[in-house]
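To start, the structure itself, in structure tokens.
The values are calculated or read from the model by the stated rules, or taken from the named source; none is laboratory data. Everything numeric here is computed off the predicted structure, so don't read it as measured data. Positions of Cβ are backbone-derived with ideal geometry, glycine not excepted, and every protein chain shown enters the neighbour counts. The area values use the complete protein model at the heavy-atom level, side chains included, leaving out ligands, DNA and RNA. Shrake-Rupley method; radii C 1.70, N 1.55, O 1.52, S 1.80 Å.
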Amino acid sequence: MTESNVCFYAMPDSPHLTWSACGYTLLTLTGLSPALTTDQIERLTLNGIGLVTRPMGDNTLMIIPAFKQEAQRMVIHLISTAAKETTKAFTGIWATPAPPDLSTGLTPPNNRYERHSR
């Protein structure tokens, strides 16, 4: 596995692939790479040939059409980010004293920079 793709072999006993008689294959992303979701995938290739995919939630892709699972190399190409995410320093949050809201219903904001009361 590199930073830009995730590779595995599409074997018949692959836990990530489920074949369907309706003409599509389901690919489960859970377990392939930590915290990999469908919005991070740019394209999917099988032995170098691009596949048509449709996301089904955050961790499942529908691959159209279905394909035989016999030692074919599947590569999930991830969206490249221009800048790597770095750990950000802790930013301080200033607490403002606010009187307790004992009323019910709509109340005006306690802070002029906020649109709602806390």
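Counting only residues that are open to solvent by less than 90 Å² (accessible area, probe 1.4 Å) and closer than 15 Å to Val75 by Cα, the range 48-59 holds 4 of them.
Report whether or not Asp13 is closer than 17 Å to His77 by Cβ and open to solvent by 70 Å² or more (accessible area, probe 1.4 Å). So Asp13 fails the test. When Thr30, Thr18 are checked against the criterion of being surrounded by fewer than 16 Cβ atoms within 10 Å (Cβ to Cβ), without any contact (Cβ under 8 Å) to a residue 24 or more places away in the chain, among the β-branched types (Val, Ile, Thr) and out of contact with any Pro (no Cβ under 7 Å at 6 or more places or on another chain), Thr18 stands alone in meeting it.
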